[in-house]
Amino acid sequence: MDEPTFDFMKLWTQGDQESEFKMKTVLLDGLDAVVQAESEVLSRITVDRPATAPVVRWVEEWGYPSTITAQFTGGTLAFTGHLFGKPVSPETVRQVIREGTILESPSRGCQVKVSSVGDLSATVTAYGNISLQDDPEPVPWDIIAEVWSDYRDASGPRSLDSTFREVGTQIFAETFEIPKTRKNTQYEIVPFEVEHQIVALLGKLRRQLAYSVLRSRPFHDGCEFVWGNKTEEPTMCGLCTWPVITQQELPNPGVFVNKAGQALTKADLDNLVLRLWLDEHANYQKGDWRIVCHPTTHRFIHHFDISSRRIERKDNGIGFHVDEFHSKVGKTFPILSERFMRPGVLIVVNFDTFTYGYYANDSPERRELPTQGRYQRWIISFQTYGVVARNPRANIGMIYGLPTD
């Protein structure tokens, strides 16, 4: 019997306080370390501090927009669309537009100055020696600046409304039992049966944790997601569920793209990166940005521009491999091929804004259950929360509906 096996089983079977502490440390660190070692994606999601509530809740704000949708007709701008994640209203208009605001139409390059603001409209005049034409339909207008002078009094102070986001927890548990005869018998391939059973179960738990961190969806009651102890069997929120949640709040087909079975193209990736930057204000100069996809999806990326690549002959190498995508906005994205990822889905994600962790006082542990016969029964369990997402709209975009084979 080698020393590591002896030490592991000694910790497993003893029940003193020191052994319990070491066993929890071995299970917790081993579980995270092996999960992250087996997955490039999981290794980039930080394991955060323990949670002490049925849900993990944090404050989030919609930032001030840089554009507003409006239609110019005869000296008046009529506002439509959404502001701060809600349909435009007199209150949200006043948070963005006031007397003296300069707006510009990107499509025509013309600028206007707001002279007065109504409920869902503003009276404007041409600004900067330009002529104005009526809009046939609502179009985006960039919010340039506000005209101030030394003697202008401040009016209409602004403030952002705070909202809450939350994620629940999920329990992972496995049991195993072993009869005395089998425990005390050595086989050629499996000399230590108890350890063999434990390792197999830990491997199963590692796989379940990896799938859950990436793909788990909370319980949905038909109207909304239900978090924490509001449901008998809570499930955590996975990384790939966040685009679903944000798009239910305010759809943006530019960053939540349905390919409906069509193959992935370079234009798809370029458009996703661009819309995430322009529409959701993603900051590509900060964070750990990656493209993540299933290996079946990665195969399509390997074939991008294959007809125009230069081939260098080597006696011991054949084929193409693509591990970076150079987008047209000037940002290079490393590509992670992840076997735990949902097939047919690709995400562009900033890993620095996503975390998960363990429920307080509920890190991985094991306990022997009493029995009446000649066998032993054990349970391994732990509870996690997550995935916590900081400003998910600006930090993850998705293409789904891709071919899965």
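The table below lists the values:
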| item | result |
| --- | --- |
| Every residue from region 217-262 that is aliphatic (A, V, I, L, M), surrounded by fewer than 21 Cβ atoms within 10 Å (Cβ to Cβ) and over 23 Å from Lys86 (Cα atoms) | Ala260 |
| Any hit, region 227-239, residues being at pLDDT 90 or above, out of contact with any strand residue (DSSP E or B) (no Cβ under 7 Å at 6 or more places or on another chain) and under 19 Å from Ile291 (Cα atoms) | no |
| Residue match in region 11-18 (condition: modelled with pLDDT under 65, in contact with a helix residue (DSSP H, G or I) (Cβ under 7 Å, 6 or more places away or on another chain) and part of a helix (DSSP H, G or I)) | yes |
| Search result, residues across region 132-183 that are at pLDDT 85 or above, in contact with a helix residue (DSSP H, G or I) (Cβ under 7 Å, 6 or more places away or on another chain) and among the small types (Gly, Ala, Ser) | Gly168 |
| Condition met for Thr384 (closer than 22 Å to Pro50 by Cβ, in the same structural domain as Ala282 (by TED's automatic domain parsing) and either loosely packed, with under 15 Cβ neighbours inside 10 Å or not small (Gly, Ala, Ser) (or both)) | yes |
| Residue check, Ser327 among the hydroxyl-bearing types (Ser, Thr, Tyr), at negative phi and touching a helix residue (DSSP H, G or I) at 6+ places or on another chain (Cβ under 6 Å) | yes |
| Selection count, region 95-109, where residues are modelled with pLDDT of 90 or more and more than 21 Å from Arg152 (Cα to Cα) | 2 |
| Close pairs from region 344-365: first over 25 Å from Asn391 (Cβ atoms) and not assigned by TED's automatic domain parsing to the domain that holds Leu42, partner of a type in the set (Asp, Glu) and modelled with pLDDT of 90 or more, Cβ under 6 Å, at least 6 apart | none |
| Counted residues, region 83-132 - those being among the basic types (Lys, Arg), more than 13 Å from Glu146 (Cβ to Cβ) and part of a loop (DSSP other than H, G, I, E, B) | 1 |
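Conditions (1) at pLDDT 75 or above; (2) assigned to a helix (DSSP H, G or I), marked per residue:
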{"position": "Thr185", "(1), (2)": "no, no"}
{"position": "Glu195", "(1), (2)": "no, yes"}
{"position": "Gly203", "(1), (2)": "yes, yes"}
{"position": "Leu209", "(1), (2)": "yes, yes"}
{"position": "Gly222", "(1), (2)": "yes, no"}
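The values are calculated or read from the model by the stated rules, or taken from the named source; none is laboratory data. For clarity, every value in this text was computed on a predicted model and none was experimentally measured. Every residue, glycine among them, receives a Cβ derived from its backbone with ideal geometry; neighbour counts consider all protein chains shown.
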